[in-house]
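Participant: A single structure is presented below for examination.
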Amino acid sequence: MPVHDVIEIIRGDRRALEEYIYSIYDRIERLEKTLRGFITIRKREDVLEEAVRANMEEKPLAGIPIAVKDNISTMGIRTTCASAILENYVPPYDATVIARLRSAGAVIIGKTNMDEFAMGSTTETSHFGPSRNPWDPDRVPGGSSGGSAVVVSSYMAPAALGSDTGGSVRNPAAYTATFGYKPTYGVLSRYGLIAYASSLDQIGLITRDALDTALLLEHMAGEDPMDPTSVDLKVSGLYRRLRDIGAGRSHLSARLVIVREMWEGVEENVAREVMRAIDRLSSSGYTFEETSIPEIRYALPAYYIIAFAEASSNLARYGIPIYGLKINPENMGWEDYYSEVRSRGFGREVKRRIMLGSYILSAGYYEQYYIKALKVRRVLRDRLLPILRRGYIASPTMPIKPPRLGEAIEDPLRLYAMDIETVVPNLIGAPAVNIPAGFVDSLPVGLQLIGAPMSDQDLLEVSRSVEDIIGISNTTPKTG
Amino acid sequence: MDRGVMIGLEIHLQVNTVKTKMFCRCSSDYRSALPNTNICPVCLGLPGSLPVPNKAVIRKAIMLAIALGSRVVDRIVFVRKHYFYPDLPKGYQISQHRGPGMAPIAVGGGLEIEGEGEPRIIRIRRLGIEEDPARITYPYGDPLKSPYSLIDYNRSGVPLIEVVTEPDIRSSREARVFLDKLLTLADHLGITNPDLEGAFRVDVNISLENQERVEVKNIGSIRDIEKAINYEIARQRGIVAGGGKIKRETRHWDPLRGATFVSRHKEYEEEYRYFPDPDLPPIAVSAEVVKEIEDGMPELPWHMAERYVREYSLSRYAARVLVSRRALAELFERTVKIYGDPDKVADLLINDFLGVVNSRGGNFQLVRATPESIAKLLSLMDKGVISIKIAKMILKRVVIGGEDPEEIVAREGLLVISSDKELEELAEKVIRENPKAVEDARRNPKAINYLVGQVMKLTRGRADPQKISEIIRRKIGLER
């Protein structure tokens, strides 16, 4: 059941709330062994107590449980980034989005699995082991917010927070037939989001549909004095506006833009299924145009250069003994201590990215790689913004079906290539969504829509209308 | 002065006049607080925390740039400077740098110093803002002898302004004159209170003609800087004279042994992996803002000195001494307003007041004297109520103790004894009790001073020695 329905049932009704939370924990009991969506699950009694209190205090979110990706700081709840180096780290503060959700009456049910430090596209680089796709447990759920997508698609939580640096929310949403939303850069405060690549990172939402995202967004968005990169997007009334769209009520018709280069290298049956969804939209009054942006081919390398460079810097902090591994620094030189902690604490993929990033930022290469990547980023923005003012760029969210466990992770280049569709919005700071579009071999396939920066409200309204036309949102996977 | 010597300074001025840290709102007082009490997720570099720049520090840095005639950038970019050291909780220091996509807050400018002979301009290369690292304490002094080190993060994030000169300085004396002038400027602009421990630290670059340069890091007092420069010049000369070459290296100054030593820590020069901090969007500085800051600037010390010469007809020397500290200049001007006679005020402040302050390490924080109390002291002397001797005696109590001179005099009966009768009685007593000294005085008129001294002692300094001398001469028949 989506959040907006659950809230109607539990609001002011303690019995219904208790029943709902019990049912959630029953599902966790039954499914979590196989799916491994969570790293930390809070005790049912604690969640229940907080939920009942929020409900009695008539908070707008009425005690609804929310799952949170394990790279978003939660005061008093272990936050590991799926890394050994933070295995025992309990943040002394709440991320801004968490503080806002809590004060609106949401309750954190647990912390979800992810690729270590969000570095990966399959949730397989987690120190705690991979999550599995509810639609086929032999396959990955995508990543890096794989756990969040798993728990939402299998009803272990009604909604989840993820983070999206190059597709980490949209990718697992596409692979689990859920709605994934990456806001315009700055719409959700990054304060408390453990950084991977600061200029690309955005907190995002994985929900059952666009309406739920609108509902939660209203309680999370807004400028944050703790995050100088945050922006002020006014979102009040968004939920109400979305509610009046679709389901036999009004329909929007927007213009969709097909960028040819974004369909190159897409698995044929995936492309066909997404195109089928777009055809249905066009027969419901959506218009579309085709265009070519050759520079899109540079997006992936530029993305990885920027992401690795920033990651190598952001992860430099893990080494001082205030968190991290239990290694006694006494009688150890600093350099030995740092080496020991970092060699033992970081996984392979993280080390690979730190090393590449350090190389990129080192004297002599900084200009050759980093500065050049920033130029690509500017060119892409200049090319794409005029197009995004005309319409929404539509593409498959993922170029391939969800890989089997172990299939993609062995070859880093293949792993990185999975992000080809999703990195563009992060590079230009634009909002983007994944909308369930269909199935290929009984596996979910997603449609990605990219909007102009700060057009998040319109994008969500269109998403609501698209969901309504395609009509497969809120489907239940077979493991459920 | 030596033409073959080139010295450049990197001065880190602590902005200890601003109450909060550079990138968070923690108190920047690390001197009196218990270790690790003024800390938060930001200055501890906890995962997910984000820096928020302190605008007050930026304004002060712009002020200093204007005073030095430097060119202020139109976009302030903060960069990350990476190195692993436990005093750096993020693994990088937020700083400023010159390079592609990066620029310090100001470049160019200079400061004129009175050299030996013609005044010379020491050119400024750049001026930047950065954060102070945490403070490390080694329990056995030496890091190699200590099994552990203690880190106080109260200092982490304290704002610093870095001023880098061109290698225009030729001698230790010039270095001192330059630093004195810069510190005076920082004091007047309300940037750095030089009385506080750790108010500034200097890295000194010294090279001989056609030789590599040697950097002596982290010297905290002007005396030590002078000594280190002299030591290095002699050391390097010795090597060159012996046919050797100077190695490019980093050394540190050991004040106890009075020598520089090669630093044990490896220097990762040029490998700081500088890049613009993606958490801090560039801050635009418009010409209007610079103008507004300039208009709000206090009078510069060298302008103030010129005005003293002009308005108060003081000597250049007196004017320069009075403006050497803002507190002293203020005391001077306010005392003149009450008392008049700038010459007398200047004389008292320079000769007597400063003597007291300098006997306490030149620390103006200990000064409790007010313009009123200084003015009263001067009037008491003018009216002949107290003698100069008494004035000097009670000066310390007025300056450091903050006592009111009129009250001291009234309470302790220090008024000048002007009654001749009383003085004559005392003189007679002394003559009676010192027949041998009287004999001496009759033979040798200079020996009379002993008798005068004895009378003065009886009056506890409350009389005019000249007058006593006259009385005694008369009484023992030297004069009529």
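All of the numbers you see were taken from the coordinates with simple rules; none came from a lab. Just so it is clear, the structure is predicted and the values come from calculations on it, not from any experiment. Virtual Cβ from ideal backbone geometry, glycine too; neighbours counted across all protein chains shown.
Participant: Assuming R0 = 30 Å, what is the FRET efficiency of residue A:417 and residue B:149, from their Cβ-Cβ distance, to the nearest 0.05? Before the final figure, lay out the partial values.
Facilitator: On the way: r = 46 Å, r/R0 = 1.54.
That gives a FRET efficiency of 0.05.
Participant: Quick one: if you stick a label point 7 Å off each Cα along the C-beta vector at residue B:221 and residue A:267, how many nm between them?
Facilitator: 7.3 nm
Participant: Grab every C-alpha pair in region B:27-103, bin the distances at 10 angstrom width from 0 up to the longest one, and report whole percents.
Facilitator: 15, 37, 35, 13, 0
Participant: Compute the longest continuous run of chain A that contains no exposed GluC sites (Glu not before Pro); treat a site as exposed when its DSSP state is not H, G, I, E or B and it has at most 16 other Cβ atoms within 10 Å.
Facilitator: Details: sites that count: A:57, A:58, A:223, A:264, A:267, A:330, A:410.
Between exposed loop sites, the widest span is A:59-222.
Participant: What spacing in nm lies between the two simple spin-label points modelled at residue B:245 and residue B:383, each 7 Å away from Cα in the Cβ direction?
Facilitator: Reported label-point gap for residue B:245 and residue B:383 is 7.7 nm.
Participant: Cα gyration tensor of region A:22-125, axes a ≥ b ≥ c as square roots of the eigenvalues: rounded (a/c below 1.5), prolate (a/b > b/c) or oblate? Spell out each step's value before the answer.
Facilitator: Details: a/c = 2.21, a/b = 1.39, b/c = 1.58.
It is oblate, given that a/c is not under 1.5 and a/b is not larger than b/c.
Participant: Could you list the residues of region B:456-480 with an amide nitrogen less than 15 Å from a label point located 7 Å from the Cα of residue B:439 in the Cα-to-C-beta direction?
Facilitator: Backbone N within reach: none found.
Participant: Would you mind giving the average projected area, over all directions, of the Cα convex hull of chain B in nm² with one decimal?
Facilitator: On the way: hull surface 125.6 nm².
Computed as one quarter of the Cα hull surface, the answer is 31.4 nm².
Participant: Quick check on region A:177-236: what does the Kirkwood estimate of hydrodynamic radius come out to from the alpha carbon pairs, in Å? Don't jump to the answer; show the numbers that get you there.
Facilitator: On the way: mean 1/r = 0.0837 Å⁻¹.
Taking every pair of different Cα atoms in region A:177-236, averaging 1/r and inverting gives 11.9 Å.
Participant: Continuing with the same structure: Rounded to a whole number of µm²/s, how large is the Stokes-Einstein D of the protein assembly as shown at 10 °C and 1.306 mPa s, given Rh as the Kirkwood radius over C-alpha pairs?
Facilitator: Details: Rh = 32.6 Å.
In µm²/s, the coefficient is 49.
Participant: Give me the compactness ratio for region A:389-429, meaning the Cα radius of gyration over 2.2 N^0.38 Å. Show your work: numbers first, answer last.
Facilitator: Working: Rg = 12.8 Å, N = 41, 2.2 N^0.38 = 9.0 Å.
Cα Rg divided by the expected 2.2 N^0.38 Å: 1.42.
Participant: Now for a separate question. Using a ≥ b ≥ c from the Cα gyration tensor of region B:5-290 (square roots of the eigenvalues), is it rounded, prolate or oblate, where a/c under 1.5 gives rounded and otherwise the larger of a/b and b/c decides, a/b for prolate?
Facilitator: On the way: a/c = 1.64, a/b = 1.21, b/c = 1.36.
Oblate is the answer for region B:5-290, as a/c is 1.5 or above yet b/c matches or exceeds a/b.
Participant: May I ask you to work out the translational diffusion coefficient for chain A at 20 °C, viscosity 1.002 mPa s, via Stokes-Einstein with Rh from the Kirkwood sum over Cα pairs, reported in whole µm²/s? Intermediate results must be reported in sequence, preceding the final value.
Facilitator: Numbers: Rh = 22.1 Å.
The Stokes-Einstein estimate is 97 µm²/s.
Participant: Right, another one. Enumerate by residue number the trypsin sites (Lys or Arg not before Pro) in region A:2-91 meeting two conditions: DSSP loop (anything except H, G, I, E, B), and at most 12 other Cβ atoms within 10 Å of the site's Cβ. Don't jump to the answer; show the numbers that get you there.
Facilitator: Values: sites: A:11, A:14, A:15, A:27, A:30, A:33, A:36, A:42, A:43, A:44, A:53, A:69, A:78; in loops: A:11, A:36, A:42, A:43, A:78.
Sites meeting the loop and neighbour criteria: A:43.
Participant: Now, a different point. Run through the DSSP bridge list for chain A and note the antiparallel percent, rounded to the nearest 5.
Facilitator: Details: 31 of 47 bridges.
Of the beta bridges lying entirely in chain A, close to 65 percent run antiparallel.
Participant: Further question on the same structure: For residue B:450 and residue B:421, what does the FRET efficiency come to when R0 = 22 Å and r is the distance between their Cβ atoms, rounded to the nearest 0.05? Can you show the working numbers first?
Facilitator: Details: r = 23 Å, r/R0 = 1.06.
Efficiency computed from Cβ-Cβ geometry: 0.40.
Participant: If you rank A:75, A:119, A:226 by fewest surrounding Cβ atoms within 10 Å, what's the result?
Facilitator: Values: A:75 16, A:119 31, A:226 21.
Fewest-to-most ranking of A:75, A:119, A:226: A:75, A:226, A:119.
Participant: Could you give P(r) for region B:299-412, binned at 5 Å from zero, as whole percent values over all Cα-Cα pairs?
Facilitator: All Cα pairs, binned at 5 Å, distribute as 2, 12, 25, 25, 19, 12, 4, 2, 0 percent.
Participant: Please work out the FRET efficiency for the pair residue B:338 and residue B:75, using the Cβ-Cβ distance as r and a Förster radius of 56 Å; give the result to the nearest 0.05.
Facilitator: 0.70
Participant: Okay, next question. Using the membrane-span-like helix rule (whole DSSP H runs, Cα extent along the own axis of at least 15 Å, mean Kyte-Doolittle hydropathy at least 0.0), which helices of chain A qualify? Show your work: numbers first, answer last.
Facilitator: On the way: long enough: A:14-35 (31 Å, -0.82); A:44-56 (18 Å, -0.68); A:268-283 (22 Å, -0.43); A:299-314 (22 Å, 0.74); A:334-345 (16 Å, -1.73); A:348-361 (20 Å, -0.05); A:372-390 (28 Å, -0.33); A:456-470 (20 Å, -0.14).
Those that pass (Cα extent of 15 Å or more, hydropathy at least 0.0) are A:299-314.
Participant: For A:336, B:29, what ranking results if the residue with the fewest other Cβ atoms within 10 Å of its Cβ goes first?
Facilitator: Values: A:336 11, B:29 17.
Ranking A:336, B:29 by Cβ neighbours within 10 Å, fewest first, gives A:336, B:29.
Participant: Going by how many other Cβ atoms sit within 10 Å of their own, how do A:346, B:275, A:439 line up, fewest first? Each step should come with its number before you reach the end.
Facilitator: On the way: A:346 22, B:275 26, A:439 15.
So the ranking, lowest neighbour count to highest, is A:439, A:346, B:275.
Participant: Count neighbours as other Cβ atoms within 10 Å of each site's Cβ, and list the GluC sites (Glu not before Pro) in region B:202-275 that are DSSP loop with at most 15 such neighbours.
Facilitator: Working: sites: B:209, B:212, B:215, B:226, B:232, B:249, B:267, B:269, B:270, B:271; in loops: B:209, B:212, B:267, B:269, B:270, B:271.
Hits after loop and neighbour filter: B:209, B:212, B:267, B:269, B:270, B:271.
Participant: Here is a further query. Can you compute the modelled spin-label distance between residue A:44 and residue B:121, with each label point 7 Å from Cα toward Cβ, in nm?
Facilitator: 8.0 nm
Participant: What number of lysine-lysine pairs in region B:5-290 show an alpha-carbon separation below 23 angstrom, given a sequence spacing of 8 or more or placement on distinct chains?
Facilitator: 28
Participant: Need one word for region B:257-360: rounded, prolate or oblate. Basis is the Cα gyration tensor (sqrt eigenvalues a ≥ b ≥ c); a/c below 1.5 gives rounded, then a/b vs b/c decides. Present the calculation step by step, with values, prior to reporting the outcome.
Facilitator: On the way: a/c = 3.73, a/b = 1.57, b/c = 2.38.
It is oblate, given that a/c is not under 1.5 and a/b is not larger than b/c.
Participant: Hey, another quick one. Binning at 5 Å from 0, report for region B:420-475 what percent of all alpha-carbon pair distances ends up in each bin.
Facilitator: Spelled out per bin, shortest first, that is 4, 22, 39, 23, 10, 1.
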